[in-house]
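These notes concern the structure reproduced below.
The values are calculated or read from the model by the stated rules, or taken from the named source; none is laboratory data. All values reported here derive from a predicted model rather than from experimental measurement. Note: ideal-geometry Cβ built from the backbone for every residue, glycine included; neighbour counts use all protein chains shown.
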Amino acid sequence: MPETIKEKIKTYPNWPKEGVMFRDINSLLNDPEGFGRLIDLLVERYKDMDIDIIAGIESRGFITGSVLAHKLGKSFVLIRKPGKLPGETISEEYTLEYGTDKVEIQKDVIKEGDKVLLADDLIATGGTCLASAKLIKKLKGDIVECSFVIGLPDLKGTDKLKEEGLEVFTLVEFEGD
């Protein structure tokens, strides 16, 4: 029941800045029953899909992505901010409201034709996810879907990903306010 999950997500008005309604999964993760239900719903969605690897986006995508990978018996890889991964990496820059940022992945963690599920906690404007998807494509991986616990449809990130030909799944959505 996604509505049960939604009830357990705490909202912080005006954080980290005025006018932002911050949707925080920490309250969900802090609830063993709620977190268990979240993972059960994700396992149910992905158990019959042809997936080789789950890639988690820093940092909360690590939480749901790694547990889901374990439950499904799949590999898990990290997509991180620059300078956090050892070995040879590739990077992708993306635009923020005020400037740019970058994500990286190790070059040897995805092979040509690997079917990858991209996981994060929340989709807002889509910049981080789109950059992460580009990294996977540079390594010649095939993205099965981009999976999020929370969607913020008013910010149009899901639309941006779909325009790039990516499949998108959000478990719960928060519109407006």
In the set THR125, THR158, the lone residue that is among the hydroxyl-bearing types (Ser, Thr, Tyr) and modelled with pLDDT under 95 is THR125
Condition set part of a strand (DSSP E or B), surrounded by 14 or more Cβ atoms within 10 Å (Cβ to Cβ) and touching a residue at least 40 places away in the same chain (Cβ under 8 Å), scope region 57-115, selection nearest to the chain's Cα centre (by Cα): answer is ILE57
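Only one of ILE53, ILE90 is touching a Ser or Thr at 6+ places or on another chain (Cβ under 7 Å) and under 22 Å from LEU117 (Cβ atoms). Can you tell me which?
Details: ILE90 fails: touching a Ser or Thr at 6+ places or on another chain (Cβ under 7 Å).
Of the residues listed, the single one that is touching a Ser or Thr at 6+ places or on another chain (Cβ under 7 Å) and under 22 Å from LEU117 (Cβ atoms) is ILE53.
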With the first residue restricted to region 33-51 and required to be over 12 Å from ALA69 (Cβ atoms), and the second required to be assigned to a helix (DSSP H, G or I) and among the β-branched types (Val, Ile, Thr), Cβ contacts under 8 Å at 6 or more apart or on different chains are GLY34/THR4; GLY34/ILE5; ARG37/THR4; ARG37/ILE5; LEU38/ILE5; LEU38/THR64; LEU41/ILE5
Within region 1-46, residues part of a loop (DSSP other than H, G, I, E, B) and more than 26 Å from LEU117 (Cβ to Cβ) come out as ASN14, TRP15, PRO16, LYS17, GLU18, GLY19, VAL20
With the first residue restricted to region 117-139 and required to be without any contact (Cβ under 8 Å) to a residue 60 or more places away in the chain, and the second required to be among the aromatic types (Phe, Trp, Tyr) and surrounded by fewer than 20 Cβ atoms within 10 Å (Cβ to Cβ), Cβ contacts under 8 Å at 6 or more apart or on different chains are GLY127/TYR94; LEU130/TYR94; ALA131/TYR94
Of (1) in contact with a helix residue (DSSP H, G or I) (Cβ under 7 Å, 6 or more places away or on another chain); (2) under 28 Å from GLY113 (Cβ atoms), PHE62 fails just (1)
